[in-house]
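The values are calculated or read from the model by the stated rules, or taken from the named source; none is laboratory data. Note that the structure is a prediction, hence the values are computed from the model and not measured. Cβ coordinates were reconstructed from backbone atoms using ideal geometry, including for glycine residues, and neighbour counts include every protein chain displayed. Heads up: the accessible areas ignore ligands, DNA and RNA and are worked out on the full protein's heavy atoms, side chains in. Shrake-Rupley method; radii C 1.70, N 1.55, O 1.52, S 1.80 Å.
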Amino acid sequence: MLMTLSKDSMSITREQDLVPFRNRVKEAAVKIGMGIVNQTKLITAASELVRNMFRYAGGGEVLIEIVSKGRESGVRLTFADKGPGIANLDLAMQDGYSTGKSLGLGLPGAKRLVNEFDLKSTVGQGTTVMILKWKNG
Amino acid sequence: MGPFLLVTIQIDLYDRLALNLEADLVQKVHQTGARGVLIDISAVSIVDSFMGRILGNIASMTRVLDAETVVVGMQPAVAITLIELGLSLKGVHTALDVERGMALLQTKLDLDYEMADDDADDIE
């Protein structure tokens with residue numbers, strides 16, 4: 001059973017929020033003793049998702065949780081925005097696809113870097129992305 | 001430093017700062033006529049797709065201005081993450097540290113001179 005050990009949230013409204021946000025994620029990862037490679041993967045995935053949230057929805061809220069399941073602990077991040085939503089999720093998850101002018105690596109790349117990835121979006125209402133990285137995952 | 005520009009990134013950059021770096025650096029290459037650019041990212045703990053794109057852009061832009069770019073000092077965890085993310089930094093030269101990066105640039109420059117000499121011989 002998944003248990004939440006600590007909960008923290010941060011709202012993203014400006015581009016400058018990116019760096020302090022990364023630091024908050026790092027603090028959570030360090031707290032559970034996550035190694036440097038997994039930390040870097042988690043923060044990079046978080047960085048991609050928070051940029052998407054800022055660029056396509058003008059910002060949103062991120063929930064930062066430390067979770068545990070049996071002996072394993074991890075960091076779970078939930079990015080929620082009230083933006084335009086994603087019309088075609090399959091296309092959005094394809095490498096190299098972008099409606100902006102980026103490389104189109106954000107969503108599929110972030111998914112590869114974490115252990116669990118869940119994307120929900122309703123056009124006109126917003127998008128929620130959840131990622132989870134286990135300490136030893 | 002001779003004909004090379006050395007740039008050390010000492011903080012994690014947010015997007016606007018990274019874009020400024022790109023513009024400033026290309027401007028500097030033009031002003032100074034530098035033949036090589038060394039970007040030291042040993043203090044950078046996160047390179048995401050945006051930062052990766054900026055590094056690629058800098059390499060392409062400086063190449064058009066006849067200067068080679070070498071990215072040096074990438075942390076191992078950053079390298080692992082970049083490849084898993086799907087970014088291989090194609091077209092960007094890399095070296096382990098500043099010293100090796102400098103040697104790489106010097107080799108490229110020497111090669112250029114040799115080729116220029118060859119061309120001169122052809123004309124005679």
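Worth pointing out:
- Estimated from helices alone, the mean residue ellipticity of chain A at 222 nm is -11000 deg cm²/dmol (sum of -39500 (n - 2.57) over DSSP H runs with n ≥ 4, per residue).
- Cross-link partners for B:K28 among the lysines, with Cα-Cα distance under 29 Å and sequence neighbours closer than 8 places in the same chain left out: A:K101, B:K90, B:K108.
- When the P(r) is computed for the range A:2-134, the part past 17 Å accounts for 56% of the Cα-Cα pairs.
- Mean separation of Cα contacts under 8 Å (6+ apart) over length of chain A, as relative contact order %: 28
- Ratio Rg/Rh [Cα only; Rh per Kirkwood] for the range B:7-67: 0.95
- Rounded percent of accessible protein surface that carbon and sulfur make up, the protein assembly as shown, 1.4 Å probe: 53
- Buried accessible surface for the B/A pair, both sides summed and rounded to the nearest 100, is 2000 Å² with a 1.4 Å probe.
- Protection proxy ranking of B:79-88, B:53-62, B:13-22 - average other beta-carbon atoms within 10 Å, highest first: B:53-62, B:79-88, B:13-22
- Per residue, chain B exposes an accessible area of 52 Å² to a 1.4 Å probe, with every protein chain left in place.
- Taking 20 °C and 1.002 mPa s as conditions, the range A:63-125 diffuses translationally at an estimated 159 µm²/s according to Stokes-Einstein applied to its Kirkwood radius (Cα pairs).
- Solvent exposure of chain A, expressed per residue, is 49 Å² of accessible area, with all protein chains present and a 1.4 angstrom probe.
- Sum of -39500 (n - 2.57) over DSSP H runs of 4+, divided by residues of chain B (222 nm, nearest 500): -19000 deg cm²/dmol
- An ellipsoid equivalent to the protein assembly as shown, defined through the eigenvalues of its Cα gyration tensor, has semi-axes of 40, 20, 15 Å when rounded to whole angstrom and sorted largest first.
- Those residues of the range B:36-52 for which accessible area with every protein chain present is at least 10 Å² below the isolated value (1.4 Å probe): B:S45, B:I46, B:D48, B:S49, B:F50
- Surface/4 estimate of mean projected area, convex hull on alpha-carbon atoms of chain B, nm²: 8.1
- Set of lysines with alpha-carbon distance to A:K31 below 27 Å, sequence-local pairs under 8 removed: A:K7, A:K41, A:K69, A:K111, A:K133, A:K135
- Relative protection proxy for B:23-29, B:66-72, from highest mean packing down: B:66-72, B:23-29 (other beta-carbon atoms within 10 angstrom).
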